[in-house]
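Report on the structure given below.
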Amino acid sequence: MTTIGILGGGQLARMMALAGAPLGLRFSVMDTSAEACAGQFAPLVVGDYRDRATLEEFASGIDIATFDFENVPAGSAEWLSRRVPLFPDPRALGTSQDRLAEKTLLGELGIPVPGYVAVDTPAGLEAAIARLGTPCILKTRRLGYDGKGQFRIRAAADAAAAWEALGAQAAAGGLILEAFVPFERELSVVAVRGRDGEFRTWPLTENWHVDGVLSASLAPARVSPGLEARAVGHARALAEALEYVGVFALELFCLDGGLLANELAPRVHNSGHWTIEGAETSQFGNHLRAVLGLPLGATRALGRACMLNWIGEMPDPVAVLAEPGGHWHDYGKTPRAGRKVGHATLRADDDEALAAALERVGAALGREAQVAPVVARLRE
Ligand code: ATP
Ligand code: MG
Ligand code: MG
């Protein structure tokens, strides 16, 4: 009986444990919170990731390790990787934990990225704004997620407010200014690479964010085969450069038929949740297969799927469950503003059936605005 250890016990670890049950796997999760929602399905070791005694306790009960968030302290991941096999390799963590290192690697691989400048001082910020123009976005290089640690700069006069908001982070982990991309669409490639180097991607996903947080995903995205091939090529180049093992997502902006890479998430990804019901093999199932060195499952889509994130609190499930292709995921978390507490996936055999289901669910839950852009895309 193999026990998989997961650093981080949030909903991604929870869905990984659920996907691992049919494979006969056991899980152990480590988290800083005793309330971590994966703890409802797997033994939970609680403590700081930097605490050696806690890490020791965690390591002693597992055969192989992975993680469910990219901000695992690099030193802890390296320590753990000397005790048990850890996938993906901590090198992928190191790169994706720092937006500057990430963009540098993307550039080296010939993957286009938005204009960017590292920022250390208020004067440096002003110079960077002058160079990139407005609008632009100041971001912390490290530890950001769900749009946290970002400040949107509309005009040069916003520089002082931006520094006020994030300047303290300049010394801690650094800042980066990025050109604002007036994208037509946001897309993501969810990909998996096995221990033997086998590489697969799920069909491209189109994503809609609200206030920097993912709101809805549609898959397969309606894009040309040429665009899809370019996106997959970028993901493959990254996976091979990092000798990556497991699932990751590459977030992309689409503008004028071109692609700009936003960021790499070295883990299963929110934009891949639709694969649980909408693909032959889910991202969670394939991540486990990859880290265990098992054959990867097929990634083809089963019709069309739309995932809706529930942020802050769970809606009533009845409208979704009443749909023939409706699937409900409650993460068992305490409601809190801005928190991802669950999601629903609607699956259908064609565009119109999915659009109609989304309209029914949107109306029943008072979430017309959340489903509207997806419905519009399906009816284009
Ligand atoms: P995640 O939860 O995906 O890790 P994050 O905090 O790392 O989020 P980003 O992915 O950098 O943040 O940004 C969140 C969202 O903000 C993006 O998906 C996009 O909608 C918007 N955004 C970020 N950077 C830019 C940019 N340079 N131009 C336009 N929009 C942007
Ligand atoms: Mg991110
Ligand atoms: Mg992102």
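If you check G303, G293 for being more than 20 Å from the chain's Cα centre (by Cα) and either within 21 Å of L218 (Cβ to Cβ) or at pLDDT below 95 (or both), only one passes: G303. R141 versus (1) on the phi > 0 side of the Ramachandran plot; (2) surrounded by 15 or more Cβ atoms within 10 Å (Cβ to Cβ): which is the lone unmet condition? The one condition R141 does not meet is (1). Can you confirm whether A216 is buried (at least 16 other Cβ atoms within 10 Å of the Cβ) and farther than 19 Å from F69 by Cα? Judged against the criteria, A216 is a match. Residues that are more than 27 Å from the chain's Cα centre (by Cα) and outside the structural domain of A74 (by TED's automatic domain parsing) occur in region 145-155; there is at least one. Exactly one residue out of V210, V181 is within 13 Å of ligand 1 (Cβ to nearest atom), closer than 24 Å to E380 by Cα and more than 16 Å from the chain's Cα centre (by Cα): that is V181. Scanning region 220-248 for residues that are in contact with a helix residue (DSSP H, G or I) (Cβ under 6 Å, 6 or more places away or on another chain) and not in a loop (DSSP other than H, G, I, E, B) turns up G246, V247. Only a single criterion out of (1) in contact (Cβ under 8 Å) with a residue 24 or more places away in the chain; (2) away from ligand 1 (no atom under 16 Å from the Cβ); (3) in contact with a helix residue (DSSP H, G or I) (Cβ under 6 Å, 6 or more places away or on another chain) is not satisfied by I62, namely (3).
The values are calculated or read from the model by the stated rules, or taken from the named source; none is laboratory data. Bear in mind that the values here come from a model prediction, so they are computed numbers and not experimental data. In this analysis, Cβ positions are derived from the backbone assuming ideal geometry, glycine residues included, and neighbour counts consider all displayed protein chains.
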